[in-house]
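> I'd like to ask you about the structure that follows.
None of the figures in this text is laboratory data; all of them are computed from the coordinates on show. All of these numbers come straight from a predicted model, not from anything done at the bench. Reconstructed Cβ throughout: ideal geometry from the backbone, glycine too, with neighbour counts over all protein chains shown.
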Amino acid sequence: MNDPVVPPIDPPIAAPATPTRYGTVAILGAPNAGKSTLVNALVGAKVSIVTPKVQTTRSRITGISVVGETQIVFHDTPGIFAAKRPLDAAMVDAAWAGMNDADAVLVVVDSRRRAGTEGDDTARIVGGLQSARRKAILVLNKVDLVKKPVLLTLAQELSQASRSQVPLGSPGGQAPGAASPFTDIFMISALHGSGVDDLRKHVVAKMPPGPWHYPEDQIADANIRFLAAEITREKLFLALHDELPYALTVETENWQERGPKKGVRIDQRIFVLRESHKPIILGTGGSLLKDIGTKARLEISELIGQPAHLFLQVSVRPNWTDEPARWREMGLEFRKN
Ligand SMILES: Nc1nc2c(ncn2[C@@H]2O[C@H](COP(=O)(O)OP(=O)(O)OP(=O)(O)O)[C@@H](O)[C@H]2O)c(=O)[nH]1
Ligand SMILES: [Mg+2]
C-alpha cells in the first residue's frame, strides 16, 4: 500500500520579529558621586567596585542590562576632577571618552554638594558638556542624605548653569551664557534604590532601534582576571587610608583551573610605590593582608561560582604609575604626560 500522500506543509509564516533596541549610556560625575553604585543598581548586579573613597573607579567599566526588547550598555567611568598625576589625567580622559559615542549621558551629582562653586567638579562637567554641545540627564543622587529644600535649590542651580559657573580649565571653551545641558532631572538614591526604576524607564525610551551586541544573559564585558583584581583592590581601598589606596594597584598574574570541585588557584600581585607601604598593608604578622585576602576570596568565589584559592603578594615598584604595562592592566591608554 502506498503511503498516504502528505500534503506539503506551508513554511511557517515568520512572525514579524519584534524590533529590538540597543544603545549605550555614559555615566559621568565627580569622584564619589555614586556612579558605580548607580551602574550596579541599573544592571541589578555588582559589575563595578564601590568604596567611600574618591577615585575608586580607574577606567571605563561596562555593565549590560536587558529591559524588554532593549539592551543597554552602561559605561561607568572614573570621576572627573582636576587631575595632577598623568595617571589621574588618563582616568579623567577615559571618563570623557565615554561620552563621545553614547546614546545618552547621565551626570550623577552627590546632592550634598553645592552647585557651581569655584573648582567644583560638577561645574567642570557642565562646562565640558556645553563645549561638546552634548545634552545630558541630571541625576541628583544620595537624596536619602539631604532635605527636600536643599535638593530643590540644587536642582534649580544646576538647571540654570551658565558660563560664569564654569571654572577655567574645563575642556574646550563655551559661549558666554551657554544654556544648561540638562534635559531632565531625576532625584534618586542609588544605594537604596529609590527613583532608579523611573530613571531606567526613561533611559530605555531613549535607546535607538538596533540589534543587540551581547548575549541576553551577559552583564559585564571585562575579563574575569580583571574583575577578580578589582575585587581585591576594593577590599584594599576599604581597609587602607590616606594616600595608600592611590599608591597601589592589583594585577592577576596567574589563573589556574584545578578541575571539577577543586576550584581555581589565583595569584595576584599588589604593587605599591614605597617600601614603607608594605608593612602597613601586611599589618601585624600579616594579619591585615590575610583579612583582605579572605574577603576578596569569598567574593571572587561567588563571582566564579566555584572555590577560589587566592594568593596575594606585595611588591614595591617605585615607578608603577609610569609603566605602560600597569596602565594596560587597568584598562587605560598609556601616555607620558
Ligand atoms: N547614602 C547614600 N550613599 C550612597 C548613595 N550612592 C552611593 N553612595 C555611597 O557613596 C560612596 C561612593 O560611591 P561610588 O559608587 O563608589 O561612587 P563613584 O562615583 O563611582 O566614585 P569614583 O569611582 O571614586 O568616582 C559609597 O560609599 C557609596 O555607598 C546613595 O544614594 N545614598
Ligand atoms: Mg566608581
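> Whose amide H sits under 5 Å from the amide H of residue 106, counting only residues 5 or more places off or on another chain, with H placed in the peptide plane?
Amide H neighbours of residue 106, under 5 Å, 5+ apart: 26, 27, 28, 137.
> Which whole-number percent gives the relative contact order of the chain, counting Cα pairs below 8 Å spaced six or more residues apart?
Details: 627 pairs, mean separation 58.3, N = 337.
Once divided by the residue count of the chain, the mean separation gives 17 percent.
> Still on this model: 7 Å from Cα along Cα→Cβ at both residue 282 and residue 202: what's the point-to-point distance in nm?
Reported label-point gap for residue 282 and residue 202 is 5.2 nm.
> Rounded to the nearest 20 debye, what is the charge dipole size of segment 21-205 about its Cα centre when +1 sits on each Lys and Arg Cβ and -1 on each Asp and Glu Cβ? Mind dumping the intermediate values first?
On the way: 21 positive and 15 negative charges, 56 e Å.
It works out to roughly 260 debye.
> Here is a follow-up. Limiting things to C-alpha atoms, what are the Rg and the maximum Cα-Cα separation (Dmax) for segment 224-330, in angstroms?
13.6, 42
> Efficiency by 1/(1 + (r/R0)^6): what FRET value for residue 194 and residue 322, r their Cβ-Cβ distance, R0 = 35 Å, to the nearest 0.05?
0.20
> Please compute, over every Cα-Cα pair in the chain, the percentage with a separation greater than 35 angstrom.
More than 35 Å apart: 30 percent of the Cα pairs in the chain.
> Hey, another quick one. Taking neighbour Cβ counts within 10 Å as the exposure measure, how do 230, 243, 251, 69 sort from fewest upward? Before the final figure, lay out each step's value.
Numbers: 230 24, 243 11, 251 21, 69 15.
Fewest-to-most Cβ neighbours within 10 Å comes out as 243, 69, 251, 230.
> I've got another one for you. Given 264, 293, 276, which one lies farthest toward the positive end of the charge dipole of segment 255-296, if we put +1 on the Cβ of every Lys and Arg and -1 on the Cβ of every Asp and Glu?
Value computed over the given set: 264.
> Scan around residue 253 for amide H atoms under 5 Å from its own, H built in the peptide plane at 1.01 Å from N, and keep only partners 5 or more places away or cross-chain.
The list, which skips near neighbours in sequence, is 267, 268, 269.
> Work out the FRET efficiency for residue 150 and residue 262 from their Cβ-Cβ distance, taking R0 = 51 Å, and round it to the nearest 0.05.
The computed FRET efficiency comes out at 0.40.
> Please list 3J(HN,Hα) in residue order for segment 73-90, calculated via the Karplus relation 6.51 cos²θ - 1.76 cosθ + 1.60 where θ = phi - 60°; whole Hz, with x for glycine and proline.
After applying 6.51 cos²θ - 1.76 cosθ + 1.60, I find 9, 9, 9, 6, 10, x, x, 9, 8, 6, 7, 10, 5, x, 4, 5, 5, 5 Hz.
> Counting other beta carbons within 10 Å of each Cβ, put 277, 309, 241 in order, fewest first. Write out the running numbers ahead of the final one.
Values: 277 19, 309 15, 241 10.
Ordered from fewest to most neighbouring Cβ atoms within 10 Å, 277, 309, 241 come out as 241, 309, 277.
> Per-residue HN-Hα couplings for segment 99-112, Karplus 6.51 cos²θ - 1.76 cosθ + 1.60 at θ = phi - 60°, whole Hz, x for Gly and Pro?
6, 4, 9, 7, 7, 8, 10, 10, 10, 8, 10, 6, 4, 7
> Quick one: Karplus J couplings for segment 197-205, per residue in order, coefficients 6.51, -1.76, 1.60, θ = phi - 60°, nearest Hz, x for Gly and Pro?
Computed from phi, the couplings for segment 197-205 are 5, 5, 4, 4, 4, 4, 5, 4, 5 Hz.
> To continue, here is another question. When a/c is below 1.5 the answer is rounded, else prolate if a/b is larger than b/c, else oblate, so apply that to segment 21-205 with a ≥ b ≥ c taken from the square roots of the Cα gyration tensor eigenvalues. If you can, show how the numbers build up before the last one.
Details: a/c = 1.38, a/b = 1.23, b/c = 1.12.
The shape class here is rounded.
> How big is the dipole moment of the chain about its Cα centre under a simple scheme where the beta carbon of each Lys and Arg is +1, that of each Asp and Glu is -1, and everything else is neutral? Debye, nearest 20, please.
Numbers: 40 positive and 36 negative charges, 201 e Å.
That gives a dipole near 960 debye.
> Further, regarding this structure: If amide hydrogens are placed 1.01 Å from N in the peptide plane, which non-local residues have theirs closer than 5 Å to the one on residue 309?
So residue 309 has HN proximity to 264, 265, 266.
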